[in-house]
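Structure record follows, encoded as C-alpha cells.
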Amino acid sequence: MLELTGSCSVNSWTNYSAVMELFLLQDDLKVTSLLLERRSLVVLQDDMYTKYLHGIAEVHCDTVSGAEANLELCGGQYTTGAELQRTTRVSLTVRHVPHTSKLCIKLCR
C-alpha cells in the first residue's frame, strides 16, 4: 500500500507549514513528529502506513519543539520555540487499494 500526502499552497498564500505527528497504532503512543514545509511531499509506505497513525492537529499556529525528526533537513531555518502561522492548506491523498469492485453506473440510455 502507498499513501502520498502533499501539502502545498498557492503563491499568494506563502507561509504555510505544519507539524505531523506519528503514533504507534497498537498503543496510541506518540513516536515522533515531522515538520512539513510548504510545498512538501511525504510518502508513507510499508510499516509507516500499516502500523502507525498520522495526523495534523487543527490549530492556527504550530510551535517548533526541536524534537521534529526531520528538523535538520529543513535547512536550519527553524529554531526551537519558533511559531509557524498557518494559512490555507491543500492536501492530496492518493491510496492504492487492491481488490476493489467496480461499480458501473449507467448515466445515459
Identify all residues within the stretch 42-69 that are under 9 Å from V19 (Cβ atoms), outside any strand (DSSP E or B) and of a type in the set (S, T, Y); write none if there are none.
S65
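Here is a check on your reading of the model: is V43 modelled with pLDDT of 80 or more and touching a strand residue (DSSP E or B) at 6+ places or on another chain (Cβ under 9 Å)?
Working: modelled with pLDDT of 80 or more: no; touching a strand residue (DSSP E or B) at 6+ places or on another chain (Cβ under 9 Å): yes.
So V43 fails the test.
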Out of the residues in the stretch 24-41 that are assigned to a strand (DSSP E or B) and either surrounded by 16 or more Cβ atoms within 10 Å (Cβ to Cβ) or of a type in the set (V, I, T) (or both), which is nearest to the chain's Cα centre (by Cα)?
L36
So, in the stretch 65-81, of the ones that are surrounded by 14 or more Cβ atoms within 10 Å (Cβ to Cβ) and free of Cβ contacts under 8 Å to residues at least 40 places away in the same chain, which residue ends up nearest to the chain's Cα centre (by Cα)?
N70
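The values are calculated or read from the model by the stated rules, or taken from the named source; none is laboratory data. What you are looking at is a predicted structure, and each value in this text was computed from that prediction instead of being measured. Reconstructed Cβ throughout: ideal geometry from the backbone, glycine too, with neighbour counts over all protein chains shown.
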